[in-house]
Amino acid sequence: MNLIRLIGLGDTYLPLLLIFVYILLWKYIQQNDKFLILYAVVFFVLYGATNVLGAYKIHNLFLYHVISLVELIMVSYYILKLVLQKSFLFYFLIINVAYLFLWTGNIIFFEPLDVYNGNSAVLADLIVLFLCMYYLLSLSAKEEILYFQKLPAFWIVSGFLIYAALSLLVFISYGYISNEYLNKIATADQANQMWFINSIAMVIKYVLIVFGLLCYKRKNYTKKYFRSVLF
């Protein structure tokens, strides 16, 4: 298996890495970040299914519609609860109900389940991007900004932010290249190159999330060190 293929399958095996790290650190992880085990399992199943179906030349584009919807629901839940705490539910429902209507309308009128969901994927990435920026803005107004690099949530949200930003550019570019390919201006290789960038963005996302979880272990060692020195 070459490197490109290995990176391309990162959407399937990287959630397994996240599950493994989570299991190792589960007793240190705070309540808000425990959703990551569910996130990893869900996307291991979804992306694993897309890769298996694709390998057997079976239609799998409908799963990407589901992936965009589930990604937004789970990431918005995490970030809004992180920032707003108890008052997050109202905004969570507004964002996701509105997106669900647009997602459904896109399937009915523009991009049915047998084509890739470029429109809803771009919209989901835009919302996630703004939510991540909202978290960083709220963090800048707190005392935690003085040691932000030690916060697990900072690295986790940064992973979502970088992936959303890069995949947003990929989806927009891929839509343009696809139109040009139909007109014989662009090549299939150019479209594949755009997907490879998206695969790299996926790797970055999971690496940063894993690093965020590892901050819990470092924090625990720091507490033990000071306790041993003081007592």
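The values are calculated or read from the model by the stated rules, or taken from the named source; none is laboratory data. What you are looking at is a predicted structure, and each value in this text was computed from that prediction instead of being measured. Neighbour counts are summed over all protein chains in view; Cβ atoms, including those assigned to glycine, are modelled from backbone coordinates with ideal geometry. Accessible surface areas use protein heavy atoms only, side chains included; no ligands, DNA or RNA. Shrake-Rupley method; radii C 1.70, N 1.55, O 1.52, S 1.80 Å.
Confirm whether ILE73 is among the β-branched types (Val, Ile, Thr), at pLDDT 95 or above, under 18 Å from ASN106 (Cα atoms) and out of contact with any Gly (no Cβ under 9 Å at 6 or more places or on another chain). Against the criterion (among the β-branched types (Val, Ile, Thr), at pLDDT 95 or above, under 18 Å from ASN106 (Cα atoms) and out of contact with any Gly (no Cβ under 9 Å at 6 or more places or on another chain)), ILE73 qualifies.
For the range 64-102, the candidate set comprises residues that are aromatic (Phe, Trp, Tyr) and open to solvent by 20 Å² or more (accessible area, probe 1.4 Å); within that set, the residue that is farthest from ASN198 (Cα to Cα) is PHE90. Against the conditions (1) crowded, with 19+ Cβ neighbours inside 10 Å; (2) aliphatic (A, V, I, L, M); (3) over 19 Å from PHE35 (Cβ atoms); (4) at pLDDT 95 or above, LEU129 satisfies every one except (1). So, of the residues in the range 27-54 that are part of a helix (DSSP H, G or I) and in contact (Cβ under 8 Å) with a residue 60 or more places away in the chain, which turns out to be surrounded by the fewest Cβ atoms within 10 Å (Cβ to Cβ)? Among those residues, the one meeting the criterion is ASN32. Of all residues in the range 151-174, exactly one satisfies the criterion of being closer than 18 Å to TRP195 by Cα and either outside any helix (DSSP H, G or I) or in contact with a Gly (Cβ under 6 Å, 6 or more places away or on another chain) (or both), namely PHE171.
Listed by first and then second residue, the pairs linking a residue in the range 1-26 that is farther than 18 Å from LEU46 by Cα to a residue that is in a helix (DSSP H, G or I) and of a type in the set (Lys, Arg), with Cβ atoms under 6 Å apart and 6 or more places separating them unless they lie on different chains, are LEU25/LYS217.
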